[in-house]
Amino acid sequence: MENKSVSNKRVLFGLFLILVGIFWILVKLDLIPHVWTDVLISWQMLLIGIGVFSFIAGNRTAGTILMFIGGFFLIDELVVIPYQLRQIGWPVLIIGVGVALLVTHRQRNQPPQIDASSLGMDYFDDFVIFGGREIFINSKSFLGGKITSIFGGAEYDLRQSSLSENGAIIDCVAIFGGSGFKVPPDWTVKNEVTTIFGAFTDKRGASVHDVSCDPAKTLIIKGFSAFGGVEVKYN
């Protein structure tokens, strides 16, 4: 199933590149009016294109947010916006991102019909804004969790934890913020985080040597990061 998913993403990205190439040819042949080239070849359309690709590839949260931000800033290129509406532009953008987070919110990573608070250290669900948190987790059957950080950060120490027999999934949303995870050196960490003006880094290789990752111990970190980052390390 994993190989099929990767293959599908490669096919989608290949089709995306073909469409970009065809459009570029049409521009070079002057088959597209210049009034549209300034709109279609812009950073706003780039965000929308990445958002569409992310959405189709399965990352609906990142895709929706990117398409909304790109479309929001593209409106000003297409129509004249009255001054009064410009005054509420940024609040509308913030509300739109919030709505996108709510609409695309999913509970599939949480065990069904189980309250997260009843899982103790096996599962976390945190929200950090304008602040920071450091959490030590020593679960013997770690399932994963969710962390949303906005203008703040959270760091989780998982080095004394053991994964559940099915592994674990952590869903991160970082906007002008970040999340850090200290994990055992033999865990296999899979990156499924979509980043824009941000980064996902795994620094364990710089601090741990001669340790091989165990495929049976797999931690998947997924989500979306804008102007922030997600970091995995050992120390």
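The values are calculated or read from the model by the stated rules, or taken from the named source; none is laboratory data. Treat the numbers as computed from the prediction; the structure is a model and nothing was measured. Neighbour counts run over all protein chains shown; Cβ positions are idealised from the backbone, glycine included. Accessible surface is based on the protein model in full, side chains and every heavy atom, while ligands, DNA and RNA are left aside. Shrake-Rupley method; radii C 1.70, N 1.55, O 1.52, S 1.80 Å.
Put a dot 7 Å past each Cα toward the Cβ at S42 and L15; how far apart are the dots in nm?
2.6
If ligands, DNA and RNA are left out, what is the accessible area of T37 with a 1.4 Å probe, given in Å² to the nearest 10?
So the heavy atoms of T37 present about 20 Å² to solvent.
In nm, to one decimal, how far is the modelled label at R133 from the one at F151, with both set 7 Å along Cα→Cβ?
Reported label-point gap for R133 and F151 is 1.8 nm.
For S225, enumerate residues with amide H under 5 Å from its amide H, sequence gap 5+ or separate chain, H modeled in the peptide plane.
Amide H neighbours of S225: A174, T194, T195, I196.
Can you list the aspartates and glutamates whose alpha carbon is less than 12 Å from that of K203, not counting same-chain residues fewer than 8 positions off?
E231
How much length would be gained if the chain were fully extended between V103 and I22, taking 0.36 nm per residue of separation minus their Cα-Cα distance, in nm to one decimal?
Extending this stretch completely gives an extra 25.8 nm.
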